[in-house]
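For reference, the structure is listed below as structure tokens.
The values are calculated or read from the model by the stated rules, or taken from the named source; none is laboratory data. Everything numeric here is computed off the predicted structure, so don't read it as measured data. Here the Cβ is made from the backbone with ideal geometry for all residues, glycine too, and neighbour counts use every protein chain on show.
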Amino acid sequence: MDVREQEPKRIWWTRPRKLCGLERPGGGGRSHRAERRDAEIAYLQARRVRLVVSTSPTRHNLGAYEQAGLAWHHVPVAATEDGAAALDELVALLRTETKRPGAVALHGNRWTDFVACVCAAHLNDVRGVPAAEGLAQASRAGLTLTPEACALVGVELGEVEAMLRAAA
């Protein structure tokens, strides 16, 4: 069956053609739709995503990635404020995986604050982009920012909000 691709509603191409952060394909929680999931997975495949990294606390979508021929890695994070160890693990994983051909997609379940934090930390790690600037980019792309996610990368939410106001 041929599936029409659909860009995810909340997606940030942190590093174009290398890394994107997004909400779980198909939506998270009760808003999840299988048709939307399939269309968003088709979007990722069309952009040469080869690995999907899930930080959802559940294993939802992993079978759909396998069925679509995508590799996956699961690092469950129950709550953003408890994600410090996972953040370190994921930054190291992304450093390695983004050196390989193709792209990596990183998602949470519904909320994207931890995803924004990981992607901002990755930009800081590989490009020297200040974490606050990375978080501001994530926010502009539609990802959620919370004080807890900002704290994981040593930034105050107010600092990011000030950057966003100054750029507006």
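If you check 30, 36 for being farther than 30 Å from residue 130 by Cβ, touching a Gly at 6+ places or on another chain (Cβ under 8 Å) and not in a loop (DSSP other than H, G, I, E, B), only one passes: 36. Residue count for the range 98-116 under the criterion of being buried (at least 20 other Cβ atoms within 10 Å of the Cβ), modelled with pLDDT of 95 or more, not small (Gly, Ala, Ser) and not in a strand (DSSP E or B): the result is 3.
Residues in the range 42-78 that are in a loop (DSSP other than H, G, I, E, B) and in contact (Cβ under 8 Å) with a residue 60 or more places away in the chain: 55 alone.
Listed by first and then second residue, the pairs with beta-carbon distance under 9 Å, at least 6 apart or on different chains, first residue in the range 1-22 and without any contact (Cβ under 8 Å) to a residue 40 or more places away in the chain and among the small types (Gly, Ala, Ser), second in a strand (DSSP E or B) and surrounded by 15 or more Cβ atoms within 10 Å (Cβ to Cβ), form an empty list. Being at positive phi, surrounded by 15 or more Cβ atoms within 10 Å (Cβ to Cβ) and not in a helix (DSSP H, G or I) holds for only one residue in 142, 154, and it is 142. Taking (1) surrounded by fewer than 22 Cβ atoms within 10 Å (Cβ to Cβ); (2) touching a Cys at 6+ places or on another chain (Cβ under 8 Å); (3) aliphatic (A, V, I, L, M) in turn, residue 93 satisfies each apart from (2).
Would you check which residues across the range 80-103 are touching a residue at least 12 places away in the same chain (Cβ under 8 Å) and more than 19 Å from residue 126 (Cβ to Cβ) and list them?
Selection gives 80, 81, 83, 84.
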